[in-house]
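Heads up: the structure comes next, in structure tokens.
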Amino acid sequence: MGLRAHSLGEQLSAIHLRIREEFPRIDRVGVALYNPKTDILKTLVHGTDEQRPLARHEIQLSRTPSLLALAESREEGVLTDLSFLDPPVRRTRETPGSGSRSSFTRPLFSGGQLAGFLFFDSGAPDFFDGPVLSRLDVFADVLSLLLLSGLEPMRRLRSAVRLAAQFTRLRDVETGMHLERVSHYAQLIARTLPSTEGLDAEFIDSLLFLAPAHDIGKVAIPDHILLKQGVLEPAEVEIMRNHVTSGVAVVEGLIRDLGLDGSSGVSMLRNIVRAHHEALDGSGYPDGLKAEDIPLEARIVAVADVFDALTSDRPYKQTWSSEEAFGFLVERKGTRFDAACVMALEGHAPEVESIRQRFRDGAAG
């Protein structure tokens, strides 16, 4: 399978390992992806130290003059002073005896717009001389092409999910800010799961953007059931449950029509939509999956989804307090819900409350 079929993090790791065969003193390769709407750079880093290989940090481009200058000039540069890269951007590590670090940096452009930056770092000062740069340009070209070709399908997928989420809101006004809260609860859970889960920055970032698609199939539920002002009858519950299989059909259509099969994030999207109502004891639907047969992303979204449903106002139920909702989840951890996911959410009650307030129904977001 080619590199393009792999995740961004896997591409970065593979290229770095190949570079180190020729240049052992290049100890870190980084990618900073740029969002022009927020002026935020988000980084993925593959290094040889003992830190987590894919570290996600954020900073505003406007606060990093050296990178801003490269973006404006559209030229690559050799930077020997990395003081502008403070800890929120990338973790730097002084190499004993080196005195300073050096970095070869290339801005990336897609459709004429800044897409991000490539970083090649060495613990040795003034490492990137003419001969090194001449050879390294080849690797930079390959990695740039791979990254840019992979970013476009990812952007199309995320745009499709945002559009689908908007349709879901239009069909069901009670959804309100539910989708935003669920996605941020899911991100919080993933970010705070035990390190044994081995979740990288790309997984967590993708989960935030793809979790809102979990109820996409509700667009196919008849209005008299979807919008019913009361408790559903058993037969209506069965029809409502069809939103999962309908959602799968919608997702498969999007993947086919946008030519995204095999792209990064597609597997996660499929898993979230199909399996977010599964239960650890096999009592869920539509497939009756058990325990770890349920994809982790679906187990995460399940906890986030139920917590928000319990703590939201509905015509057929009163709003539960966070304490009551946590109690419900804890009582069923290990049977219906993933215990680690429940504890990750319950253990960060202040962050949960912050999300509830930020994305409360009627708020601007």
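The values are calculated or read from the model by the stated rules, or taken from the named source; none is laboratory data. Everything numeric here is computed off the predicted structure, so don't read it as measured data. All Cβ positions, glycine included, derive from the backbone under ideal geometry; neighbour counts span all protein chains shown. Heads up: the accessible areas ignore ligands, DNA and RNA and are worked out on the full protein's heavy atoms, side chains in. Shrake-Rupley method; radii C 1.70, N 1.55, O 1.52, S 1.80 Å.
Of note:
- Counting only protein heavy atoms and a 1.4 Å probe, region 310-365 has 57 square angstrom of accessible area per residue.
- Chymotrypsin sites (Phe, Trp or Tyr not before Pro) lying in DSSP loop within region 258-352, provided at most 15 other Cβ fall within 10 Å: Y316
- Accessible surface of region 266-347, 1.4 Å probe, proportion on carbon and sulfur as whole %: 47 percent
- Taking the Cα centre of region 220-286 as origin and assigning +1 to Lys and Arg Cβ atoms and -1 to Asp and Glu Cβ atoms, the resulting dipole is close to 140 debye.
- Between the amide H of L258 and any residue lying 5 or more places away or on another chain, no distance stays under 5 Å, with hydrogens modeled in the peptide plane.
- Three-way shape call for region 256-365 based on the alpha-carbon gyration tensor, with the a/c threshold at 1.5: oblate
- Amide hydrogen neighbours beyond the local backbone of F337, cut-off 5 Å, H modeled: L280
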